[in-house]
Amino acid sequence: MNLFVVLPLAALAGAGLGLLYFGGLWLTVRRLADTRSPVLLFGASFLARTLLAVAGFYVVMDGSLARALACLLGFIVARQLLVSRLGPGRLAAPAREREGARP
């Protein structure tokens, strides 16, 4: 297949893997305070997210360094998008306003 088709698809797959990985991390961190065993939750989440990401990279890569780099680029872009969307200051301010606390 043509590289002009394969590389954007690999980057898109990497973005999907990044959304799953870092979105799962965000959900895990939000649930840590409510669970009876935070270490078990975090460890299981880490293992599942890492296995999914590594398996996804392996399938997308298919022995090609260019595909692996495109997938990594998509993964990093997804991380940056989630950090800018869900990062510090984005979600903390509305919570303080609801509680009536002053900054």
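Laid out as a table, the results:
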read-out	value
Lone unmet requirement of (1) over 10 Å from the mean Cα position of the chain (by Cα); (2) surrounded by 12 or more Cβ atoms within 10 Å (Cβ to Cβ) for LEU51	(2)
Any chance TYR21 is modelled with pLDDT of 95 or more and touching a Phe, Trp or Tyr at 6+ places or on another chain (Cβ under 8 Å)	yes
Out of ALA53, ALA33, ALA15, ALA11, sole residue that is small (Gly, Ala, Ser), at pLDDT below 95 and part of a helix (DSSP H, G or I)	ALA33
Test result for LEU41, touching a Ser or Thr at 6+ places or on another chain (Cβ under 9 Å), modelled with pLDDT of 95 or more, part of a helix (DSSP H, G or I) and more than 30 Å from PHE4 (Cα to Cα)	yes
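The values are calculated or read from the model by the stated rules, or taken from the named source; none is laboratory data. Keep in mind that this is a model prediction, so the values were computed, not measured. Heads up, the Cβs are rebuilt from the backbone with ideal geometry, glycines too, and the neighbour counts pull from every protein chain shown.
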